[in-house]
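Working notes, structure below.
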Amino acid sequence: MPTIEKTAKSERAEVIFGSPIYNQVAAFLIREAHLLDHRLLNDWTKTLAEDLIYFVPVRVTRRVQDFEHEFASTGHYDDDYASILVRVDRLVNTTSAWSEDPASRVRRFVSNIMVYETDTPDEYEVVSYLLLTRNRADARDYKHLSAERHDRLRWVGDRFLLTNRKVLLDQVVLGMPNLAIFL
Amino acid sequence: MLDNVQKGFAKDSISRYIDLENREVSLAVLHDEAIYEEELHRIFAKSWLMLGHDTEIPNPNDYVVRFMGEDQVIVARSPDGSVHVSLNVCPHRGMHVCISDSGNTRAHKCIYHGWAFRPDGSFIGAPVEREQMHGKIKTKKELGLKQARVHLYGGLIFASFDQNGPSFEESLGEMKFYYDMLFQRTDNGLEVLGPPQRLTIDANWKTAGEQSASDGYHMLTLHQSLLERGVMGGEPNSAHESAPAMYGVNVAGNGHTLRCIPADTTFTMMAGSTTEDMTDAQRLELMPPPGITKELLPQLAKHMSPEQMHVLAKAPPVVGNIFPNVGILFIYVPLRDGSLGSGLVLHTMNPRGPHHFEWSTWFFAENDTSENVKAMMRAACAQGVGTSGVIEQDDSDTWPHMSESARGVVGRTETMKYQAILGQTRAADWPDKAEVYEGFSKDDCQWNWWKNYHAIMTR
């Protein structure tokens, strides 16, 4: 079973908090949350690189000694740029994407951002926390999801594009009935 | 008529809720806690339940933890290669013996007092052997983990806690003829592509259970977005008239059902690609059933009878269920390289109280498929079905509504109706196996599911 790289990235150069690059990365994530929370999905697709890999692995509970096997080869999302466009097209351009019609009210809180340099100039690895709240129709309660995002961003002269996202969920058994929303 | 006016929780028989004559089922069956308890005893502690696939535990001492009803079990491979299903409850004080979802161990040792068990569930011993801490009243042989009966079918691991019930094959009955076309058709069989997705759905397990029993009709409306996007045949917004993929052969028996659908009526990308006057071999060459590549066709011919080959050529089984709680999708899907591929998917709907169930989703491929194609199939499955799939995210949105309807004291007097009746019809060239419904996909299969449910609950 393939493993996810270790979360500790200390061997790589960290981009210091508050530097211009760090701030640009933070701004990217905040603006992205805005686009997704407001269902501006076509605009969101413009922030994606065409070589995007978007993967949300299934998680299993393992003993501490086996922690490297916690994340599986199967995914809740196992997508690339083309398949993300298909999903967005269904949500935006059809009149029968019932899982999000009426839409759920979603807030994505992104925090704990750490940015690392990579071997490729203008590409950065970004680790952040995601806290997502979701409410739908007249439900009294919220569905929650917390996760750690592992992103790779590419600077293309005037803005960042997302080239890789791996979302490490904190839940093994998801508490929401679907992931009709992007993480 | 049904006596649907309830005074508090009903404690009497299920017959009050199922009108066999008029083919109606009261929504109360989705809500009643007494019925739920009966289901745990009569269905989940007795039926053959699917727990996974033997390729999930390929090596000696590998194990996974799964559920049979609300009972947690350890599914483990012994050093001799055999698969055992043991209740994950320590006979000492009731602690879970195993506390991770999967792993590999020669001895499952309870973390409470240290009692230890082999992968086959047998008791090894308790710490401080000289003091014989398991006592002198029971022998070591009596102190193993409770065992379920196990049957491997095409590598799928089925288990039952009913030691004296029918064999697995007896429980399948004549439907085995059709399931063999999905699960027992190649030299090296199926391979699981990773651990299952799991999610909790706020609905009674039977909402998804009865739907999996070949509810074809919902596709036209609930999955209309597929028609709108031109994935399925038919006109974008008037699909109800052209009704793609609604005509085929539905088969049923013992609550097990399958829909057999001619491929060329389903997908626009295959429309017109077959002709009536082709032989079975020609049709299969042009359009192998989902999961079978052209290279695997010789294996198919080796394992299938001519009758089965005819079914696979005419209308292969693609969706359905195994009673009580397995959903099947062996469907054609486009792969990311643009080719027409397949998604092989199994679900289980496992009850977690009357108002919740856990929905698990496994992806498969034939073992002899190339690694590259397996990776594309795994991705296509995640994109189409399960947690985020563009097809099934609409299903999991529907089921909670039904359970919520049953919360209302008036709502639960409404009924689910299965009154669109096709009746048994069989073309001369279709094998005389199980109940056969050829034509438009109506309620016959789902009613077979409910009749079987009723029979078990009133036995």
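Values in this text are rule-based calculations from the coordinates and carry no lab data. Keep in mind the model is a prediction, meaning the values are calculated, not measured. Cβ sites come from the backbone with ideal geometry, for glycine too, and all protein chains shown count toward neighbours.
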Protection proxy ranking of A:130-142, B:429-441, B:80-92 - average other beta-carbon atoms within 10 Å, highest first: B:80-92, B:429-441, A:130-142
The rounded separation in angstrom of the Cα centers of segment B:82-99 and segment B:143-175 is 18
Along the charge dipole of chain B, Cβ charges K/R +1 and D/E -1, which of B:Pro79, B:Leu30, B:Ile328 sits furthest on the positive end? B:Pro79
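What is the mean number of Cβ atoms from other protein chains located within 10 Å of the Cβ atom of each residue in peptide B:352-365, rounded to a whole number?
On the way: counts 1, 0, 0, 0, 0, 0, 2, 4, 1, 3, 1, 5, 0, 0.
Neighbouring Cβ atoms belonging to other protein chains average 1 per residue here.
What is the Cα radius of gyration of segment A:4-169 over 2.2 N^0.38 Å, N being its residue count?
Working: Rg = 16.7 Å, N = 166, 2.2 N^0.38 = 15.3 Å.
Rg over 2.2 N^0.38 Å, computed on Cα atoms: 1.09.
Just to be sure I follow: if Rg is taken over the C-alpha atoms of chain B and Rh is the Kirkwood radius over the same atoms, what is Rg/Rh? Provide the component values of the computation, followed by the final result.
Details: Rg = 23.0 Å, Rh = 23.3 Å.
Checking Rg against Rh, the ratio lands at 0.99.
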Would you mind checking the radius of gyration and Dmax of the protein assembly as shown based on alpha-carbon positions, in Å? 25.6, 79
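Highest mean first, what order results for A:65-71, B:217-223, B:43-49 on Cβ atoms within 10 Å?
On the way: A:65-71: 15.4, B:217-223: 17.9, B:43-49: 22.4.
Put in order of decreasing packing, that is B:43-49, B:217-223, A:65-71.
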Which entries in the list B:Lys374/B:Lys451; B:Lys294/B:Lys442; A:Lys166/B:Lys374; B:Lys206/B:Lys302 go over 29 Å, if you measure between the two C-alpha atoms of each? B:Lys374/B:Lys451; B:Lys294/B:Lys442; B:Lys206/B:Lys302
Plugging the Kirkwood radius over Cα pairs into Stokes-Einstein for segment B:49-161, at a temperature of 10 °C and a viscosity of 1.306 mPa s, what D comes out in µm²/s? 112
Over all Cα pairs of segment B:394-453, how is the pair count split among 10 Å bins, expressed in % and running from 0 up to the last occupied bin? 19, 33, 30, 14, 4
Just checking the output field for A:97-107: average partner chain Cβ neighbours within 10 Å of each residue's Cβ? 3
Report the residue, chosen from A:Glu14, A:Glu148, A:Glu125, that carries the largest GNM mean-square fluctuation when chain A is represented by alpha-carbon nodes joined by springs under 10 Å. A:Glu14
Among B:Ala428, B:Ser441, B:Gly125, whose Cα lies farthest out toward the positive end of the dipole of chain B, if unit charges sit on the beta carbon of Lys, Arg (+1) and Asp, Glu (-1)? B:Gly125
What helix-only [θ] at 222 nm does chain B give? Using -39500 (n - 2.57) per DSSP H run of at least 4, over all residues, to the nearest 500, the answer is -6000 deg cm²/dmol
Rank A:Ser83, A:Ser19, A:Ser73 by mean-square fluctuation in a GNM of chain A with C-alpha springs under 10 angstrom and give only the top-ranked residue. A:Ser19
Just report the Cα centroid separation between segment B:386-419 and segment A:23-91, whole Å. 29
Please compute the average number of Cβ atoms from other chains found within 10 Å of each residue's Cβ in peptide B:391-404. 4
Rounded to whole angstrom, the alpha-carbon centroid of segment B:31-46 lies from that of segment A:122-146 at a distance of 36
